[in-house]
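S.K.: Next up is a structure, given as structure tokens.
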Amino acid sequence: MIVFDRKTNCFFLHGKSFSCVLWIDPNGYLTDLHFGGRVGEDDLRAFDMRTRPVSFAPTPPDSDHWFSLDIAAQEYGSYGQGDFRAPSVIIERQDGSRASRFHYAGHRIYAGVPALGGLPCARKGKETLEITLRDVLSDAEIVLNYSLFEDSDVIARNAVIRNRGKDPIFLPRAYSFCLDLEEGGYDAVCLQGRHCAERMPERTPLGHGAYSVSSSRGASSHQMNPFLALLSKDADEDRGEAVGALLVYSGSFLLSAETSQTGSVRLQGGINDLGFRAKLEGGEEFITPQALLCRTEGGIGQLSREYADFLRGYILPPAYVHAPRPVVVNNWEATYFDFNREKLCALADRAAELGIDTLVLDDGWFGKRNDDTSGLGDWFVNEKKLSGGLAPIVDHCREKGLKFGLWFEPEMISEDSDLYRVHPDWAIGKAPRCTGRNQLVLDMTRKEIVDHVFSRMADILGRYGVSYVKWDMNRHITEFFSAELPADRQGEFAHRYILGVYSLADRLTKAFPQVFFEGCSGGGGRFDAGMLYYFPQFWTSDDTDAFERVKIQWGTSYCYPLSAMSCHVSVCPNHQTGRTTPFFTRGAIASLGAFGYELDLGALTEEEKAAVRAQIAAYRESEPLVQSGDLYRISDPFKGNRFCVAVVSKEKSRAIVVGMQIHAVPADTDHRIRLKGLDAGKRYLVEELGYAARGDTLMNAGLLLPRLPDFGCFVWHLKEA
Ligand code: DGJ
């Protein structure tokens with residue numbers, strides 16, 4: 001609920017369990033009085049210590065009310081007027097002056113959520129507060145959007161910056177949001193990583209000064225996810241204050257938490273300003289990406305559940321959120337580039353026998369592509385490699401009752417490609433260019449290029465009745481330069497690039513609503529809420545080793561739902577680590593996401609084939625839980641010798657518990673797994689153990705951990721008895 005109190009000039013925004021109170025102070029500044037647990041619509045100004053003068057007070061019109069920007073809790077930090085913390089926006093005029101002073105100019109409260117001009121954002125919502133601020137020193141105007149949602153602790157925010165004058169202005173920085181938290185003293189939690197080790201949680205105590213996480217790679221990246229949480233010192237998995245910021249954005253980003261002289265913390269971020277500089281002609285506006293802020297007192301676990309519910313309810317493509325997912329076999333780890341019609345048809349035969357429903361043909365089916373040095377951009381079937389083209393393979397799949405999926409890397413171009421030979425200027429940057437995985441990047445800021453890629457992909461999808469697309473992106477951007485942008489707009493390149501990617505994804509998913517899209521970026525390099533707006537699932541990591549996956553999936557679940565994680569059973573020794581884990585373990589861990597296979601099914605033993613059939617049946621059984629249930633993380637694989645999570649249905653009548661013993665320990669004493677998230681008063685049958693007990697017994701006394709070998713897994717299904 002959003003309320004404006006005219007007497008006090010305060011806005012009250014009430015989420016499920018938080019309130020946010022904003023105050024237009026007598027000088028016209030928009031300040032923050034409270035962001036925390038629920039409060040009544042009482043006059044909070046009486047306790048506002050921040051009205052005490054310290055320094056740098058802009059000439060106050062009202063001498064009773066002293067105010068200092070140096071310490072005030074602001075809703076959007078400005079530059080050059082006495083707030084020496086990092087500003088949220090910088091407005092640069094033609095004469096080079098940059099100071100700005102934003103004052104309240106009006107507001108409106110309306111039902112629903114704003115559309116953000118080509119940016120992915122919450123699809124629907126309860127109501128929105130839109131506050132307009134005007135710069136006393138320039139013609140800039142800022143609109144701050146705050147949207148609230150039914151039964152949610154997420155508040156969606158973004159800023160729109162407008163030029164109301166005639167002369168151009170420039171934005172060397174334009175963040176999405178700013179939140180000044182009065183108390184400070186938090187630990188920051190980020191999801192850092194690298195290729196094959198994405199989203200590893202890292203907790204760091206905040207000291208004075210700025211802590212920031214960012215990507216300047218033109219993609220949200222493997223190295224840092226666009227997520228930052230602040231935890232109170234006492235907060236853990238299950239209790240304590242957690243404040244999260246998650247960007248609905250897939251490009252270069254920055255999130256920072258700056259501890260000020262008073263110990264308060266400014267949490268803010270959005271587009272990374274490294275290399276960024278937007279130009280606004282008179283009348284133009286710049287729309288910043290949406291940030292999803294969330295506050296809970298139930299620790300990082302509750303924060304994760306809030307984000308999972310939010311992404312499922314408001315971001316992911318609605319038609320696919322709760323629908324059964326295709327169980328695929330992908331040929332990448334089975335064949336890499338070395339495939340032909342016979343091999344693919346044989347893989348399809350095995351897949352059909354085992355109950356898999358889709359064959360996904362990965363990299364190498366197009367152009368002249370037999371390794372990663374050529375062919376990207378030539379989205380025509382390589383008939384030399386696939387005699388007779390794709391049609392016989394698609395027909396073969398159809399005869400076997402299988403659907404057919406294809407891999408694309410739409411944003412890329414190889415120097416050794418027909419497309420490059422005709423359009424060398426379609427690659428970004430200037431020669432000599434920097435290659436990554438031997439490839440260049442297409443200039444997605446240019447409409448004619450996006451149109452071309454759309455028409456090539458649409459042709460292939462339509463012609464072969466493709467039911468599944470894996471959209472890959474295998475290198476980051478180095479030269480941020482478009483031959484078509486004027487010099488004073490090159491600073492917009494990175495953002496325009498990602499808008500081009502979004503427009504292509506939007507057009508394709510709308511033109512082919514029956515096609516299931518999976519995102520991918522050299523593994524999980526662009527696993528973010530922006531891509532999840534178009535693609536219901538994302539390839540979580542190129543590391544398919546079950547033990548590595550336990551860690552990657554654990555970290556990913558901090559802010560993304562399980563159903564968004566695409567997870568495959570692969571062969572052992574594992575191709576990335578050389579490790580051997582039990583077949584059962586590989587199935588159990590992959591079942592904690594959108595399930596599939598990535599191996600040569602023809603090389604399976606009879607025992608393994610039976611296991612595949614059993615795994616698919618078990619996955620279909622637990623799929624509704626994985627898609628819609630609540631995740632409780634029980635044993636942290638980063639901290640101990642075991643991993644365990646429970647997924648509990650919303651009405652708490654069913655649960656699945658999956659655990660792994662990382663290393664077997666000789667002469668180990670007994671350990672108990674204390675379950676979480678059950679209804680204390682309900683009785684549950686643990687099917688595998690034939691044991692029934694009340695929820696509180698299972699949560700407080702727990703169940704004995706079975707004796708398991710290295711990387712051995714157990715799975716327990718709980719049903720209300
Ligand atoms: C990276 C992906 O993550 C892999 O699964 C595979 O599709 C390769 N690219 C193909 O080049």
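The values are calculated or read from the model by the stated rules, or taken from the named source; none is laboratory data. Since this is a predicted model, take the numbers as computed values, not measurements. Because the Cβ atoms are built from the backbone with ideal geometry, glycine has one as well, and the counts that use them run over all protein chains shown.
S.K.: Just to verify a result, which residue in the range 296-319, among those that are surrounded by fewer than 19 Cβ atoms within 10 Å (Cβ to Cβ) and in a helix (DSSP H, G or I), is nearest to the ligand (Cβ to nearest atom)?
M.R.: The residue in question is Ala319.
S.K.: Can I ask one more? Look through the range 439-477, keep the residues that are among the aromatic types (Phe, Trp, Tyr) and in contact with a Pro (Cβ under 8 Å, 6 or more places away or on another chain), and return whichever of them is farthest from the ligand (Cβ to nearest atom).
M.R.: Tyr468
So that you can scan it fast, the table gives a plain yes or no per residue for (1) touching a Gly at 6+ places or on another chain (Cβ under 6 Å); (2) outside the structural domain of Phe535 (by TED's automatic domain parsing); (3) over 26 Å from Asp528 (Cα atoms):
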residue	(1), (2), (3)
His322	no, yes, no
Lys343	no, no, yes
Leu347	no, no, yes
Val360	yes, no, no
Lys368	yes, no, yes
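S.K.: Here's a follow-up. So, restricting to helices (runs of 4 or more DSSP H) that lie completely within the range 328-438, which ones have at least 2 residues that are within 14 Å of the ligand (Cβ to nearest atom)?
M.R.: 332-335
S.K.: So if I check each of Ala431, Ala458, Ala494, which one is at pLDDT 95 or above, of a type in the set (A, V, I, L, M) and either touching a His at 6+ places or on another chain (Cβ under 9 Å) or surrounded by fewer than 16 Cβ atoms within 10 Å (Cβ to Cβ) (or both)? Write out each step before concluding.
M.R.: Working: Ala431 fails: at pLDDT 95 or above; Ala494 fails: either touching a His at 6+ places or on another chain (Cβ under 9 Å) or surrounded by fewer than 16 Cβ atoms within 10 Å (Cβ to Cβ) (or both).
Criteria check complete, one pass: Ala458.
S.K.: Which of the residues that make up the range 379-396 are touching a Gly at 6+ places or on another chain (Cβ under 7 Å) and farther than 14 Å from Trp407 by Cβ? Before you say what the answer is, go through the steps one by one.
M.R.: Restricting attention to the range 379-396, the residues satisfying the condition of being touching a Gly at 6+ places or on another chain (Cβ under 7 Å) are 380-383, 394.
Across the range 379-396, the qualifying residues are Phe380, Glu383, Val394.
S.K.: Among what's in the range 32-60 and is touching a Phe, Trp or Tyr at 6+ places or on another chain (Cβ under 6 Å) and modelled with pLDDT of 90 or more, pick the residue that is farthest from Gly240 (Cα to Cα).
M.R.: This residue is Glu41.
To keep it simple, each residue is scored yes or no on (1) of a type in the set (A, V, I, L, M, F, W, C); (2) in contact (Cβ under 8 Å) with a residue 24 or more places away in the chain; (3) assigned to a helix (DSSP H, G or I).
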position	(1), (2), (3)
Gly602	no, yes, yes
Lys609	no, yes, yes
Ala617	yes, yes, yes
Leu631	yes, yes, no
Ala646	yes, yes, no
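S.K.: Among the polar types (S, T, N, Q) and out of contact with any helix residue (DSSP H, G or I) (no Cβ under 9 Å at 6 or more places or on another chain) - does that describe any residue in the range 321-333?
M.R.: yes
S.K.: For Asp135, only one of the following conditions fails: (1) touching a strand residue (DSSP E or B) at 6+ places or on another chain (Cβ under 9 Å); (2) over 22 Å from Leu280 (Cα atoms). What is its number?
M.R.: Looking at each condition in turn, Asp135 falls short on (2).
S.K.: Right, another one. Of the conditions (1) farther than 30 Å from Pro318 by Cβ; (2) in the same structural domain as Ile673 (by TED's automatic domain parsing); (3) modelled with pLDDT of 95 or more, Val645 fails just one. Which one is it?
M.R.: (1) is the only condition that Val645 fails.
S.K.: Cβ-Cβ under 7 Å, sequence separation 6+ or interchain: first residue in the range 305-333 and of a type in the set (S, T, N, Q), partner assigned to a helix (DSSP H, G or I) and within 16 Å of the ligand (Cβ to nearest atom). Which pairs?
M.R.: From the range 305-333, the pairs are Asn331/Leu344; Asn331/Leu347.
S.K.: Are any of the residues in the range 458-469 in contact with a Gly (Cβ under 7 Å, 6 or more places away or on another chain), in a strand (DSSP E or B) and not acidic (Asp, Glu)?
M.R.: Yes: one or more hits.
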